[in-house]
Amino acid sequence: MKKSIPLLSVLLCTIGLYAGGNTASRLPAVATIKAPCKANYVYIEKEQKRMWQDQPYSSDEDGAYAREQSLLKVGTLAHAQNYCRQLNYAGYTDWRLPSSDELMHVHRRKGEQFVYQRAEDFWTKTPTTNHKFYVVSPVDAYQYKRSPKQSNYIRCVRCTTEKFFKSGSKIVE
């Protein structure tokens, strides 16, 4: 009996500590801290009537690119085509993989068009010789031939007829 009393009191103290142990009727207020979130954007080319996906690339996607794998906005040509075809972004579902001309055009514009950049190649739907397809480098806005089995970055585009858009990036709400 004498052994069970100290053991019981240790057990109750432990439970009190794990349960919070605060018997005050009113707890102090906790400060709310806003976590910095990255917003999703679109880039509008008003003259060409095109809307571009402008979304952050994750470290997992960068890793997939380095390992020649497919994951979300990185992958083989077949993955890129399927990704854009199934994309539901900014309230639209008619996204597609851009042509090499479209992608070269947007990267030749002065200034930074996209909030979320990568210095590596992006897929296009434009075929070339020897069963290869063009990719476009955002660094020089030139097209290069790549095997469809290679992994490259993906940026989808859609045609738009909206007249109220201003050229430039805007936050997707």
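The values are calculated or read from the model by the stated rules, or taken from the named source; none is laboratory data. Quantities reported herein were computed from a predicted structural model and do not represent experimental measurements. With ideal geometry, Cβ positions are generated from the backbone for all residues, glycine too; neighbour counts draw on all protein chains shown.
Across region 117-151, the qualifying residues are those that are of a type outside the set (S, T, Y), touching a helix residue (DSSP H, G or I) at 6+ places or on another chain (Cβ under 7 Å) and closer than 21 Å to S58 by Cα, and the one among them that is surrounded by the fewest Cβ atoms within 10 Å (Cβ to Cβ) is E120.
A count restricted to region 93-116 and to residues that are surrounded by 15 or more Cβ atoms within 10 Å (Cβ to Cβ) and either outside any loop (DSSP other than H, G, I, E, B) or at pLDDT below 95 (or both) stands at 12. Among the residues of region 53-92, those identified as over 21 Å from Y41 (Cα atoms) and part of a loop (DSSP other than H, G, I, E, B) are R67, E68, Q69, S70, T76. Filtered by the rule that a residue be free of Cβ contacts under 8 Å to residues at least 60 places away in the same chain, closer than 19 Å to E68 by Cβ and not acidic (D, E), region 106-129 gives A119, F122, W123, T124. Close contacts from region 79-94, counting a first residue that is under 19 Å from P148 (Cβ atoms) and a second that is aromatic (F, W, Y) and not in a loop (DSSP other than H, G, I, E, B), with Cβ to Cβ under 7 Å and a gap of 6+ residues or different chains, come to A80/W123.
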